[in-house]
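Take a look at the structure set out below.
The values are calculated or read from the model by the stated rules, or taken from the named source; none is laboratory data. Predicted, not measured: the structure shown is a model, and the values here were computed from it. Positions of Cβ are backbone-derived with ideal geometry, glycine not excepted, and every protein chain shown enters the neighbour counts.
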């Protein structure tokens, strides 16, 4: 990717080394049960690139869910956040990709007369306290709508390359753009349509989750299209890297690697073919509404 002349985002929080993953929070991906790398191999890949599981499975509401205010502990952490080190190339890369998503989505929302409220991206190691509760690195990157933040442990990129066979800068950019895609969904009010999943039953909840994840894949593809049009940031092989990453994290491939069999009704993110197709759809769409079923800022 051609990022040397690109700006860096000011919406980055570096909490690496601060801990904060203990206590309550997510019931999935916590330490125990499966230990060591088995936890990463099984749990991380099962929740890759997802909205906070409590959103997908329980359907949070405005009183403490989607769009709600961050708790006091979150606000206290914000005040103590240190600035990211300027000499870390991994942080620079993440910051520049985040800035690119800001530029693209600010322009897209402006077309509809709306202001885009950019998310903050939190870097952490091991565990972190988010507006959605405590999370471990084993959960993989995630978006929390409660505090409108994307959370990433940079070690995930190494696991993605070494264990999932998804190398390359654009594969990493795809991860960030996917999570920002969930923020776009939140900004559009689309995540609110997930309320009531628990009552609908597990199978229907899984189906809703798949639709949500594939839409975020599509939005990440659309970001790539617009970023290239605006700044010419792509190089030969970048798109293929992104498609490879999308295929690597398909539920069918992950289940086959992890348990030796594929159970389609348990999918929560979509098959490899579906994820690749969604990303391609976004790249081919002249407007991001091609990903959201016509939903645009300000639409009802």
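For the range 125-138, a residue qualifies if it is in a helix (DSSP H, G or I) and touching a strand residue (DSSP E or B) at 6+ places or on another chain (Cβ under 6 Å), but none of them does. Given the criteria exposed (fewer than 15 other Cβ atoms within 10 Å of the Cβ) and at pLDDT 85 or above, does residue 135 qualify? No: the conditions fail for residue 135.
For the range 84-91, does any single residue satisfy the condition of being within 17 Å of the chain's Cα centre (by Cα), modelled with pLDDT of 90 or more and buried (at least 23 other Cβ atoms within 10 Å of the Cβ)? For the range 84-91, residues within 17 Å of the chain's Cα centre (by Cα), modelled with pLDDT of 90 or more and buried (at least 23 other Cβ atoms within 10 Å of the Cβ): absent.
Only one of the listed residues (219, 254, 191) is in contact with a helix residue (DSSP H, G or I) (Cβ under 8 Å, 6 or more places away or on another chain), under 20 Å from residue 285 (Cα atoms) and in contact (Cβ under 8 Å) with a residue 24 or more places away in the chain. That residue is 219.
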